[in-house]
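This structure is in structure tokens; I'll ask about it shortly.
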Amino acid sequence: MAELLENYSLKKHNTFGIEAKARYFFRFSSTEEISTFMQNNEIANTSYLILGGGSNMLFTEDFDGLILHPDIKGIELLDEDEDSVLLRVGCNEEWDEFVGWAVDNNLYGIENLSLIPGVVGAAPVQNIGAYGVEAKEVIENVEAISIESKQPVVFSNMHCEFDYRNSVFKKEYKNLFIITHVQFRLKKKAELKVHYGAISKELEAYDEVNLKNIREVIIKIRESKLPDPEELGNAGSFFKNPVVDKEKADALKAKYENMPIYEVNDSETKIAAGWLIEQCDWKGKRFGDAGVHKDQALVLVNHGNAKGYEILKLANDIRKSVLFKFGIKLEMEVNAI
């Protein structure tokens, strides 16, 4: 049911747990509700922000505009053949609950993305990824409402222009479309990816390798590295792993033998951002209630009452030190508002 609220607290709508207020907050649970609102309400023409689960947002101040919050749920079977199923999932379904649902129904393709915080609607925006798998591999279409025309639009996988932790929705279409549903093509037959990170080693403790065991192992690994946002405010990985040309990576590797690197292609190499940050001695540091997690330097945390601008300052200080030491510019994965 649609609801328009004023001077609304966003603390429960961002995983950092930052206290900020929105001048207006519109919650809706169907495409019809948002279309009607956009066509008939004057405040729809003010500055706005589309907010899902808030797992990738850092509010540095109050938002003096309109927050559009889609609350669309549901998992619907659109098509099925011998090898796969096509599912239509509401944008506000919790991502990890959807992964659990897929595993329980013996559907393959997203098990490696277990325990990633946030909602389904954020998956195509961020092109979420983990352990050798990215959302773009299973997304078939993205359904949205155009802010300008107020009409529904469907983006094919190709039109989403997926890239590493990126998509058209973070670039030229940022805040121009409200994602309402995402269509996923999941497989009925096993195509497991278990050789990334510590997955294969952890699986040695099991009698067999199956969907449920892979999900259990990945949850275990993530929980050992990443804090639960319910207990310690955070947005997961704050920075992207930088991709540099192979020549630069080789030069750094020659100087720092333990530097973790991953080949992207013949000319590019990905470097672990967490390792770079840790080498600059940020791991576990705390400034008031803003800090760097004690176990994973890639994660910035709110120890209780940090302000968004304090966390942003910490992020910028980290970026400066990594640039000074390694000559690498870290890019934030989190959106600072």
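Laboratory data are not the source of any read-out in this text; all were calculated from the coordinates shown. What you see is a predicted model; the values in this text were computed from it and never measured. Cβ sites come from the backbone with ideal geometry, for glycine too, and all protein chains shown count toward neighbours.
I need 256, 48 ordered by Cβ neighbour count within 10 Å, fewest first.
Numbers: 256 16, 48 20.
Final ranking by Cβ density, sparse to dense: 256, 48.
Please give the peptides 242-250, 122-130, 270-278 ranked by average Cβ packing (other Cβ atoms within 10 Å per residue), highest first, as a rough proxy for protection. Intermediate values should be presented prior to the final figure.
Details: 242-250: 15.9, 122-130: 23.3, 270-278: 20.6.
Averaged packing, sorted descending, gives the order 122-130, 270-278, 242-250.
Once phi is turned into θ = phi - 60°, what whole-Hz ³J(HN,Hα) does the Karplus curve with 6.51, -1.76 and 1.60 give for every residue of segment 296-305, x standing for Gly and Pro?
9, 5, 6, 10, 8, 9, 10, 6, x, 10
Taking a ≥ b ≥ c as the square roots of the eigenvalues of the Cα gyration tensor of segment 75-187, is the shape rounded (a/c under 1.5), prolate (a/b larger than b/c) or oblate? Before the final figure, lay out the partial values.
Working: a/c = 1.78, a/b = 1.42, b/c = 1.25.
The shape class here is prolate.
Okay, moving on. For residue 53, enumerate residues with amide H under 5 Å from its amide H, sequence gap 5+ or separate chain, H modeled in the peptide plane.
119
Quick one: 3J(HN,Hα) in Hz for segment 205-214, Karplus 6.51/-1.76/1.60 with θ = phi - 60°, rounded, Gly and Pro as x.
7, 9, 6, 8, 9, 9, 4, 5, 5, 5
How would you rank 57, 259, 158, going from fewest to most other Cβ atoms within 10 Å of each one's own Cβ?
On the way: 57 24, 259 16, 158 7.
Final ranking by Cβ density, sparse to dense: 158, 259, 57.
Another question about this same structure. Take residue 253, project a point 7 Å from its Cα along the Cβ direction, then tell me which residues of segment 307-327 have their backbone nitrogen under 20 Å from it.
Flagged as within label range: 326-327.
If R₀ is 25 angstrom, what is the calculated FRET efficiency for the pair residue 295 and residue 2, using the beta carbon separation as r and rounding to 0.05?
0.05
What is the calculated FRET efficiency for residue 287 to residue 150, with r their C-beta to C-beta distance and R₀ = 41 Å, to the nearest 0.05?
Working: r = 45 Å, r/R0 = 1.09.
Once the sixth-power term is evaluated, E becomes 0.40.
Additional query: Decide, for segment 239-283, between rounded, prolate and oblate: order the square roots of the alpha carbon gyration tensor eigenvalues as a ≥ b ≥ c, take rounded if a/c falls under 1.5, and otherwise choose prolate if a/b is larger than b/c, else oblate. All intermediate terms of the calculation are to be shown ahead of the outcome.
Details: a/c = 2.66, a/b = 1.50, b/c = 1.78.
Since a/c reaches 1.5 but b/c is at least a/b, the shape of segment 239-283 is classed as oblate.
Quickly estimate the mean residue ellipticity at 222 nm for the chain, helices only: each DSSP H run with n ≥ 4 gives -39500 (n - 2.57), and the total goes over all residues, rounded to 500. Please list the in-between numbers first.
Values: 8 runs with 81 residues, N = 337.
My calculation for the chain gives -7000 deg cm²/dmol from helical runs alone.
With P(r) over Cα pairs in 20 Å bins from 0, in percent in mind, check (1) 29, 59, 12, 0; (2) 35, 61, 4; (3) 26, 51, 22, 1 and report the label derived from this structure.
Matching the structure shown: (1).
What shape does segment 10-91 take by its C-alpha gyration tensor, where a ≥ b ≥ c are the square roots of the eigenvalues and a/c under 1.5 counts as rounded, a/b above b/c as prolate, and the rest as oblate? Provide the component values of the computation, followed by the final result.
Details: a/c = 3.70, a/b = 1.61, b/c = 2.29.
Oblate, since a/c reaches 1.5 and b/c is not below a/b.
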